[in-house]
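Before any comments, here is the structure.
The values are calculated or read from the model by the stated rules, or taken from the named source; none is laboratory data. Quick caveat, the model's predicted, so the values are computed rather than measured. Quick reminder, even Gly has a Cβ in these numbers, built from the backbone with ideal geometry, and neighbours come from all protein chains shown. Only protein heavy atoms, including side chains, enter the accessible area calculation; ligands, DNA and RNA are left aside. Shrake-Rupley method; radii C 1.70, N 1.55, O 1.52, S 1.80 Å.
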Amino acid sequence: PEIEAYTAEEDAYIKEHPYVTVAVLNDDEPFFDLTRNQKYKGILPDYYSQLSELTGLKFRYRVYSSQAEAMQAIQNGEADIIGMYSGGTVSAYDNGLRLTAVYDTSVAVFVTKAGQRSNSIDKIACKERSLSAIRSGLDSDISDKLVTYETASKCFDALRSGRADAMIAGLPSATWLVNQTNSTSYSISAIPTIEISMSGALDYDNTVLWSIMNKAIRISNYNFNSLISQDTLAENNWHTYISRIPQSLLIMYMFILFIFTVVLIF
């Protein structure tokens with residue numbers, strides 16, 4: 001499909017603002033990550049590259065440590081758009097933001113360590129930016145157990161370390177995380193009462209850029225889903241390889257290595 005024609009005001013905006021600054025969080029896989037070589041990777045850079053071809057805008061990224069900082073950057077004019085917002089329309093409005101058209105929607109999933117008993121779950125990790133959407137689909141007794149972190153990776157770290165007993169995340173995040181580790185060590189189940197909408201967010205008064213973005217998003221959001229499939233695959237590096245080794249097997253390897261080392265010393 002072809003993009004809807006821009007108005008004279010929109011054409012003028014594109015000419016006067018060749019660069020648009022996108023606020024993102026670091027270590028926010030699979031959506032965004034800054035590599036050691038200072039290169040961007042993830043679903044958002046791939047998707048915004050397509051939006052750039054459609055709009056003629058060039059997107060540059062500014063990395064923040066929290067969603068609160070990213071929202072503040074929009075309000076003070078340091079950034080133009082939050083790359084990923086999943087808190088819903090009411091939350092956005094309360095923070096002076098206007099949501100773009102939806103990139104995609106995702107079912108929420110519940111992740112625990114394999115064998116975790118439901119009656120032993122006291123803390124449930126979730127992303128700060130998804131908190132309002134997740135709360136709206138949970139009973140109050142479960143909602144009271146939510147503990148927020150900035151990214152899915154930090155939620156998963158809390159689960160692995162025992163600081164949380166479970167985590168709730170959108171399917172793309174959960175898929176990426178489990179694919180990087182030993183999937184048999186975790187149990188994943190869908191939560192049908194929670195649907196997470198993924199979109200961008202701009203200052204509420206920035207209606208011209210909002211309109212430009214929407215015209216591009218509406219004809220390209222089907223690509224977002226294909227990027228999810230592409231960018232949530234297991235990475236081929238030594239860290240991922242070690243993470244996928246069952247813990248019992250890893251302990252056995254370490255024990256054999258220890259015995260071998262002792263024999264060499266003697």
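To the nearest 10 degrees, how steeply does helix 152-161 sit against the main Cα axis of the chain, on a 0 to 90 scale?
20
Compute log10 of I(q)/I(0) for the chain with the Debye formula, placing one identical point scatterer on every Cα and leaving out solvent, at q = 0.17 Å⁻¹, to two decimals.
Computed log10 I(q)/I(0) values: -1.34.
With unit charges on the beta carbons (Lys and Arg positive, Asp and Glu negative) and the dipole taken about the Cα centre of the range 81-151, which residue among 130, 119, 103 sits farthest to the positive side?
119
Highest mean first, how do 162-171, 175-184 rank when packing is the count of other Cβ atoms within 10 Å averaged over residues?
Final packing ranking: 162-171, 175-184.
Would you please put 189-196, 203-210 in order of how densely packed they are, using the mean number of other Cβ atoms within 10 angstrom per residue and starting with the highest?
Top of the packing list down: 203-210, 189-196.
Taking all protein chains as present, what is the carbon and sulfur share of the accessible area of the chain, in % to the nearest whole number, probe 1.4 Å?
53
Please compute, over every Cα-Cα pair in the range 103-200, the percentage with a separation greater than 21 angstrom.
Of all Cα-Cα distances in the range 103-200, 23 percent exceed 21 Å.
Whole number in Å², please: accessible area per residue of the chain, 1.4 Å probe, ligands, DNA and RNA not counted.
About 53 Å² of surface per residue is accessible.
Using the Karplus curve 6.51 cos²θ - 1.76 cosθ + 1.60 with θ = phi - 60°, work out ³J(HN,Hα) for each residue of the range 59-76 in order, rounded to whole Hz, and write x for Gly and Pro.
These are the phi-based 3J(HN,Hα) values: 9, 10, 10, 10, 9, 10, 8, 8, 5, 4, 5, 5, 5, 5, 5, 5, 5, 9 Hz.
Of 145/215; 15/41; 39/145, which ones are farther than 31 Å apart at the Cα?
Pairs exceeding 31 Å: 145/215; 39/145.
Given a cut-off of under 8 Å on Cα pairs at least six residues apart, what relative contact order in percent is computed for the chain?
It rounds to 26 percent for the chain.
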